[in-house]
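No lab work stands behind these numbers, since they all come straight from the coordinates. It should be emphasised that the depicted structure is a prediction, and the values quoted were computed from it without experimental measurement. Ideal geometry is used to build each Cβ from the backbone, glycine not excepted, and the neighbour counts take in all protein chains shown.
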Amino acid sequence: MNATHSLIAGALLFALAAASAAAADPKTASKKLYCWNEDGRKVCGDALPAHAVDSARTEISAKSGLPTARVDRTLTGEERAAAEQAAREARSAALAADAAKRRDRAMAESYATEQDLRNSFQERIVLLDETVKASQYGIVGRRQALLSLLRKAGEAELSGKPVGKTLAENIRGQHDELLHQQEVLKQQVLERSLADQDLTAALERYHALKSQAPGGG
């Protein structure tokens, strides 16, 4: 008999002996036995030592000699934090999936035809197009104003006059505002391109939902 079988047999004999003692002494019936691994070997006892409190263990009824519970080892701080993060991510994913299902149902119920869905998106797309154009015109105007101020500064320097404080501040202000408007335009162009992608995805979901509906093609 190898070492593993010997340990298992020892644990069983220990449990059976405790079960016999429980039958002889009713007070022992409510007691539990514990088996855990320690330095690669299985250890059993009728009390759990302090150093084994956080270890994985099997709890055995002293009355029947049968396992009644299996307790996993206590997680480390890092493992507990990782488990909590994983649980939060799982809850977030479940909430996002439920929200997506509700949006899909609402979309299928709100738009009788594909054209109705396209028309809804088209309103958003037209608004985005107008916003992009307005920003482009604004940038052109801002650039022209900046060039005009720079010409004035250049003329002052060519004539040997210093560039006035007010003119210098206006140049810096126009330049900063131009850079800001250019960044805003980039975001608007990106949002406009995403609108096309959103429409394509919405049409795909719409067709899928309609095909699943009773009588769908």
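Legend: calculated FRET efficiency, Ala97 to Gln212, from the Cβ-Cβ distance at R0 = 22 Å, rounded to 0.05, equals 0.85. In summary, the lysines within cross-link reach of Lys152, defined as a Cα separation below 21 angstrom excluding same-chain residues under 8 places away, comprise Lys161, Lys165. Expressed per residue, the C-alpha convex hull volume of the range 129-176 stands at 50 Å³.
Applying the Karplus relation 6.51 cos²θ - 1.76 cosθ + 1.60 with θ = phi - 60° to the range 32-48 yields 3J(HN,Hα) values of 10, 10, 10, 10, 9, 8, 9, 6, x, 10, 8, 10, 10, x, 8, 9, 9 Hz, where x marks Gly and Pro. Think of the range 107-217 as a dipole: +1 on every Lys or Arg Cβ, -1 on every Asp or Glu Cβ, centred on the Cα centre; then among Leu128, Thr113, Gln174, Gln174 lies furthest on the positive end. With only Lys, Arg, Asp and Glu charged, each at its Cβ (+1 for the first two, -1 for the last two), find how big the charge dipole of the range 112-217 is about the Cα centre; round to the nearest 20 debye. Roughly 420 debye, rounded to the nearest 20. Shape verdict for the range 62-204, please, from the Cα gyration tensor: rounded (a/c under 1.5), prolate (a/b greater than b/c) or oblate. Cα axes put the range 62-204 in the oblate bin.
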